[in-house]
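S.K.: Sharing a structure, written as structure tokens. Questions coming.
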Amino acid sequence: MSPRQHIDVRTIRDDGFPEWIRAMNTGFLRPPSVSEAEIADRRTYLVPERTVGAFDGERCVGTFRSFEQEITAVGGAAVRADAITNVTVTSTHRRRRILTRMMTRELAAAEERGDVVATLIAAEYPIYGRYGFGAATTTAEWTIDVPRAGLDPRLAGPDDGGRVDLVDGDDVRKAGPELYERFRRAQPGAVDRGERWWRIATGALVLDRVPSTDPFHAVYRGAGGEVEGLLSYTVDDRWGDAKQPLQTAKVTDLIAVTPAAERALWRYVCSIDWVTRVRTGRRAPDDLLPHLLPDPRAAAITSQADWLWVRILDVVAALEARTYGAAGALVLEVTDGQGRAGGRYRLDASPEGAGCVRTAAPAELTLGVGELAELWLGGESAVRLVALGRAREERAGAALMADALLRTSRRPWCPDIF
């Protein structure tokens, strides 16, 4: 075990990618061997100045990477985000502040770039709260017992003049990006998707390190012929002993810009011949799905957990970027153990817009920067945070005012992993 001061944290030079990839694979318990194909692929999108490694001599023992991202705030504004991913510390080098050094370096760079927030998907819950991140969205997955759902497959088609069509990957790469842009502009917590995402999702780019099955794709077109929804799914090949089909369809993506499209695509996937179970993939915690079924109990929750974590870097910019459902003012005391976004802020909000400034006025609600991130996207309740001991009212009724201003009618949702 080398002394802590001998660990060198630095950006990766081009010839250091193989060792960095090996360390990253090791950290995620993947086979540590690195193929030439993986090296070549990762070089196409890794940004050297945003790819950091911790080195004990010549051996990489920690990895960290970031990239540009946009996240949708309440109301549809695209907010600049510093997306953090590929974070590992080799198990032989824990408790040496390696992650703290890499994270501190990155958040300082993000502030310098003018990023409003940082984002990540946390593999483990306890890690990132100490760096000011809060679990701003959650995700749920259901497994549908199709025979119990009560749907009549003879009536599976849309009844509103629209239609569902099967399409191929080329069609998805043409129509999908524009459809997704429409979707994410209306979905708080959604993040942007690049060309690489669509190539992988449609099988145009196959990665040797990721098991891949060519998915099926279906689109919903409204009565006017415009694509309003997209569904991608795979199906296994399972049969019972008496030759009964027992196939499971696994939804890998379902996005819709109208409720009609969402309803039609769920009905479609639940009516496919031989499919007796549908796994929904990651959905919003208040998804319409269970109650689209005649028997909602046929959809059992398979998993439900935190998903997108957000770290606010610029409180003023973050609060002014979103919209508000009511008019009111609130003075927030924001605590930040990292010393980045702490301070006292006055928020003046209305449905027409908002202003936020630092103030010396008495605080009405005190909370951490991570808790503010959870409120920012509209999914958490300030009243609930006070009850949990994670926020404190300095004025009676301040938490209710915060909920009136910040909470949204539907929960924020990030459908993607990065």
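S.K.: Averaged across orientations, what area in nm² does the convex hull of the alpha carbons in region 262-335 project?
M.R.: 8.3
S.K.: Looking at region 198-299, which chymotrypsin sites (Phe, Trp or Tyr not before Pro) are DSSP coil and have at most 16 other C-beta atoms within 10 Å of their C-beta?
M.R.: W274
S.K.: Related question: How much accessible area per residue does the chain have, in Å², with a 1.4 Å probe?
M.R.: 46
S.K.: Label-point separation (nm) for L207 and E49, each offset 7 Å from Cα along Cα-to-Cβ?
M.R.: With each label point 7 Å from Cα toward Cβ, the separation is 2.5 nm.
S.K.: Between D159 and A37, take the C-beta separation as r, use R0 = 51 Å, and let me know the FRET efficiency to the nearest 0.05.
M.R.: The formula returns an efficiency of 0.60 here.
S.K.: Would you work out the relative contact order for region 314-418, in percent, from Cα pairs under 8 angstrom that are 6 or more residues apart?
M.R.: Worked out over region 314-418, it gives 26 percent.
S.K.: Under the rule a/c < 1.5 gives rounded, and otherwise a/b versus b/c splits prolate from oblate, where does region 206-261 land using the Cα gyration tensor?
M.R.: Verdict is oblate for region 206-261.
S.K.: Okay, moving on. Kindly state, as a whole number, the per residue volume in cubic angstrom of the convex hull around the alpha carbon atoms of region 226-351.
M.R.: That works out to 190 Å³ per residue.
S.K.: Just grab the label-to-label distance for I417 and S91, each label 7 Å out from Cα along the Cβ direction, in nm (one decimal).
M.R.: With each label point 7 Å from Cα toward Cβ, the separation is 2.0 nm.
S.K.: A further question on this structure: Two decimals, Cα atoms only, Kirkwood Rh: what is Rg/Rh over region 143-258?
M.R.: Across region 143-258, the Cα-based Rg/Rh ratio is 1.00.
S.K.: Let me know the volume per residue of the alpha-carbon convex hull for the chain, in Å³.
M.R.: Value for the chain: 169 Å³ per residue.
S.K.: Per-residue ellipticity at 222 nm for the chain, helices alone: DSSP H runs ≥ 4 residues times -39500 (n - 2.57), over residue total, nearest 500 deg cm²/dmol?
M.R.: -7000 deg cm²/dmol
S.K.: What FRET efficiency comes out for D237 versus D306 if R0 is 41 angstrom and r is the Cβ-Cβ distance? Round to the nearest 0.05.
M.R.: Efficiency for this residue pair is about 0.75.
S.K.: Using alpha carbons only, what's the Rg to Rh ratio of region 299-394 with Rh from Kirkwood?
M.R.: Ratio value, two decimals: 1.00.
S.K.: Also, I was wondering about something else. Please return the longest range in the chain lying between exposed loop sites, taking GluC sites (Glu not before Pro), DSSP loop only, at most 12 other beta-carbon atoms within 10 Å, and leaving the sites out.
M.R.: 125-351
S.K.: Ratio of region 28-162's C-alpha Rg to 2.2 N^0.38 Å, to two decimals?
M.R.: 1.47
The values are calculated or read from the model by the stated rules, or taken from the named source; none is laboratory data. Everything numeric in this text was worked out from a predicted model, so none of it was measured. FYI the Cβ positions are ideal-geometry reconstructions off the backbone, even for glycines, and counts take in every protein chain you see. These area figures cover heavy atoms from the full protein model, side chains too; ligands, DNA and RNA do not enter into them. Shrake-Rupley method; radii C 1.70, N 1.55, O 1.52, S 1.80 Å.
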